[in-house]
Amino acid sequence: MRLSVIGCGYLGAVHAAAMASIGHDVIGIDVDARKVEQLSRGEAPFFEPGLQEILTEGIQSGRLRFTTDMAEASGATVHFVGVGTPQQKDGYAADLTYVNAAIDGLLPYLNPGDLVAGKSTVPVGTAADLTPRVEATGATLVWNPEFLREGWAVQDTIDPDRLVVGVPAGEAGERAAATLREVYHPAVAKGTPFIVTDLATAELVKVAANAFLATKISFINAMAEIAEVTGADVTQLADAIGHDARIGRRFLGAGIGFGGGCLPKDIRAFSARAEELGRGESVAFLREIDAINLRRRDRAVDLTVAALDGTVFEKKITVLGAAFKPHSDDIRDSPALDVAVRLRGLGANVTVTDPAAIENARSRHPQLTYVEDRDEALRDADAVIVVTEWDEYRRQMPPEHVSALTAGRIIIDGRNCLDAAAWRAAGWTYYGMGRP
Ligand code: UGA
């Protein structure tokens with residue numbers, strides 16, 4: 001099938017390459033000429049396992065191309081819109097500038113019978129607002145939210161755990177759902193749940209899923225706060241409640257909390273939209289979820305200060321991690337970098353290292369010192385803080401090895417990802433989040 005993908009950021013670039021890899025003929029369109037050139041050379045513009053391979057393969061096969069020219073969308077059967085919906089500069093709501101621009105730019109090239117499939121995360125009601133413009137061309141607008149996780153984006157796109165498609169009522173909607181079943185044929189053929197809803201439900205499914213995940217993380221972090229004043233261990237607590245299949249252990253990792261380009265801005269946009277709908281109180285708890293989350297960063301900073309006898313001024317602190325999570329070079333709203341910046345603000349000599357995100361971190365926070373090599377970064381540190389749970393720190397960093405490099409023996413485990421007993425046995429003072 002011929003497909004166009006408007007917006008070649010995280011979502012769009014992965015979607016375009018993944019659709020080509022399952023046999024479609026794909027044109028990716030973006031306004032950023034540099035990004036388009038890079039993608040056209042087969043270079044992934046960000047760190048995402050597996051993306052490089054499917055990009056190269058798609059371009060070499062001739063099934064995948066990138067352009068800045070929207071006119072090239074003409075002739076595609078389905079047009080996916082995957083542009084960003086960042087938080088507004090002066091509020092919590094989502095900024096829909098790029099969605100509107102993408103739709104308006106696409107309209108002149110739509111043909112009757114075409115399908116426009118929104119993938120961007122949008123406030124509920126957006127698709128209904130856009131529908132008249134799209135339908136005036138004879139095309140149909142559907143919403144097909146994306147649930148990919150950074151770090152697993154390729155796998156999540158090709159082999160998702162569910163597909164959700166919001167369609168308009170009537171025959172056009174039925175035809176649209178059938179077309180999307182064809183687009184996603186390998187997943188559909190293997191029995192992946194394919195859920196057809198109305199437009200509003202599809203939009204809401206996406207924000208509800210992210211709100212639930214954020215709530216789960218903040219719930220366990222709230223338990224960590226209670227554990228901290230009672231001497232309980234939140235990791236054991238999570239293991240114990242996680243055995244209940246109704247609760248489940250995943251996303252009960254207490255630590256410095258969630259960040260990234262999705263969860264934080266999505267819960268805020270959801271609150272803002274609910275206020276507009278007169279239902280602010282229905283999701284008032286999301287404000288608390290956000291507040292708990294942000295408090296965990298304070299906690300990590302406070303723990304570090306306390307561990308260094310009340311002041312970090314001119315102490316050398318090695319910060320392990322900059323990305324908002326492992327397997328990613330994304331530093332958007334990264335709790336890891338936030339902690340690093342705050343420690344620097346308190347006068348510490350902060351050295352940051354990360355296996356993938358240094359370049360991005362440096363351009364955003366040039367005031368910090370960055371060292372590529374982990375062991376070099378650890379040299380002479382008074383304290384070490386783990387803020388992103390890369391395997392390089394979690395599994396491949398024996399305490400005895402680190403002891404030979406650092407000046408001090410203080411380790412703060414901002415992700416509860418280390419073996420506390422092993423560090424203590426090696427003579428370190430270990431501090432976890434919500435652990436005694
Ligand atoms: C999230 C969702 O998980 C995806 O399903 C969704 O498609 C995506 O947002 C999106 O809307 O595009 P992502 O931002 O890649 O995906 O990251 P997550 O894996 O959800 O992690 C988010 C943050 O939560 C990270 O900072 C991570 O360190 C933190 N986290 C995660 C915890 O603090 N504890 C946990 O137990 C799990």
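Determine the percent antiparallel among the DSSP beta bridges restricted to the chain, to the nearest 5. If you can, show how the numbers build up before the last one.
Numbers: 2 of 44 bridges.
Of all bridge pairs located within the chain, approximately 5 percent are antiparallel.
What the Cα atoms of region 2-79 give is an Rg and a Dmax of 10.8, 31 Å.
For region 265-326, the set of GluC sites (Glu not before Pro) satisfying both a DSSP loop assignment and a count of at most 10 other C-beta atoms within 10 Å is given as Glu314.
Find the accessible area per residue for the chain; the probe is 1.4 Å, ligands and nucleic acids are left out, and the unit is Å².
42 Å²
When a 1.4 Å probe is rolled over the protein heavy atoms, the share of accessible surface on region 2-197 that falls to carbon and sulfur comes to 52 percent. Structural size metrics of region 315-436, computed from C-alpha coordinates, are Rg and Dmax of 13.1, 39 Å.
P(r) tail for the chain: Cα pairs beyond 37 Å make up 30% of the total.
What's the extension gain from Glu53 to Asp375 if we count 0.36 nm per residue and subtract their Cα-Cα distance?
Working: separation 322, 0.36 × 322 = 115.92 nm, distance 3.02 nm.
That pair, Glu53 and Asp375, stretches by 112.9 nm at full extension.
Annotation: amide H-H contacts under 5 Å for Tyr370 (H modelled 1.01 Å from N, sequence separation of 5 or more, or interchain): Val352.
Taking only alpha carbon atoms, region 262-366 gives an Rg to Rh ratio of 1.08, where Rh is the Kirkwood radius. Seen against the Cα atoms of the chain and their longest principal axis, helix 199-230 is set at about 10 degrees.
Using alpha-carbon pairs under 8 Å, 6+ residues apart, how would you state the relative contact order of region 2-197 in percent?
Working: 370 pairs, mean separation 37.0, N = 196.
For region 2-197, the relative contact order is 19 percent.
Using the Karplus relation 6.51 cos²θ - 1.76 cosθ + 1.60 with θ = phi - 60°, the per-residue 3J(HN,Hα) values for region 169-185 come to 5, x, 5, 4, x, 5, 4, 4, 5, 5, 5, 5, 4, 5, 4, 9, 3 Hz, with x marking Gly and Pro. Close amide H contacts of Lys315 (hydrogens built in the peptide plane, cut-off under 5 Å, sequence separation of 5 or more or a different chain): Asn349. If only the Cβ of Lys and Arg carry +1 and only the Cβ of Asp and Glu carry -1, the dipole of region 300-368 around its Cα centre is close to 120 debye. The long axis of helix 10-21 is offset from the longest Cα principal axis of the chain by roughly 60 degrees. Relative contact order, whole percent, for the chain stands at 12, derived from Cα pairs under 8 Å and 6 or more residues apart.
Annotation: amide H-H contacts under 5 Å for Gly166 (H modelled 1.01 Å from N, sequence separation of 5 or more, or interchain): Trp143, Asn144, Thr197.
Of the trypsin sites (Lys or Arg not before Pro) in region 246-279, the ones in a loop by DSSP (not H, G, I, E or B) with at most 11 other beta carbons within 10 Å are Arg246, Arg250, Arg279.
Could you check what % of the DSSP bridge pairs in region 2-197 are antiparallel, to the nearest 5?
In region 2-197, DSSP labels about 5 percent of beta bridges as antiparallel.
Applying the Karplus relation 6.51 cos²θ - 1.76 cosθ + 1.60 with θ = phi - 60° to region 90-105 yields 3J(HN,Hα) values of 10, x, 8, 5, 7, 8, 9, 3, 6, 5, 4, 5, 5, 5, 4, x Hz, where x marks Gly and Pro.
Between the DSSP loop rule and a limit of at most 12 other Cβ atoms within 10 Å, which trypsin sites (Lys or Arg not before Pro) in region 25-126 are left?
For trypsin sites (Lys or Arg not before Pro) across region 25-126 that sit outside H, G, I, E and B with at most 12 neighbouring Cβ atoms in 10 Å, the list reads Arg41, Lys89.
Sorted largest first, the spans of the alpha carbon positions of region 183-326 along the three principal axes are 58, 38, 30 Å.
Helix 263-276: angle to the longest alpha-carbon principal axis of the chain, degrees 0 to 90, nearest 10? Roughly 60 degrees between the two axes.
Regarding region 232-436, what's the average projected area of the Cα-atom convex hull, expressed in nm²?
Seen from a random direction, the Cα hull of region 232-436 projects 12.4 nm² on average.
Roughly speaking, to the nearest percent, how much of region 232-436's 1.4 Å accessible area is carbon and sulfur?
On the way: 4370 of 8940 Å².
Here carbon and sulfur together make up 49 percent of the probe-accessible area.
For an R0 of 22 angstrom, estimate the FRET efficiency from the Cβ-Cβ distance between His243 and Ala200 and round to the nearest 0.05. Walk me through the numbers on the way to the answer.
Numbers: r = 36 Å, r/R0 = 1.65.
Efficiency for this residue pair is about 0.05.
Residue-wise HN-Hα couplings along region 413-427, as the Karplus relation 6.51 cos²θ - 1.76 cosθ + 1.60 with θ = phi - 60° gives them from phi, are 9, x, 10, 6, 10, 9, 8, 4, 4, 5, 5, 5, 4, 8, x Hz; Gly and Pro carry x.
Restricting things to Cα coordinates, could you compute the convex hull volume per residue of region 2-197 in Å³? Before the final figure, lay out the partial values.
Values: hull volume 22.3 nm³, N = 196.
Each residue corresponds to 114 Å³ of Cα convex hull volume.
The values are calculated or read from the model by the stated rules, or taken from the named source; none is laboratory data. Note that the structure is a prediction, hence the values are computed from the model and not measured. Ideal geometry is used to build each Cβ from the backbone, glycine not excepted, and the neighbour counts take in all protein chains shown. To get the accessible areas, we keep the full protein, side chains included, count just its heavy atoms, and leave off ligands, DNA and RNA. Shrake-Rupley method; radii C 1.70, N 1.55, O 1.52, S 1.80 Å.
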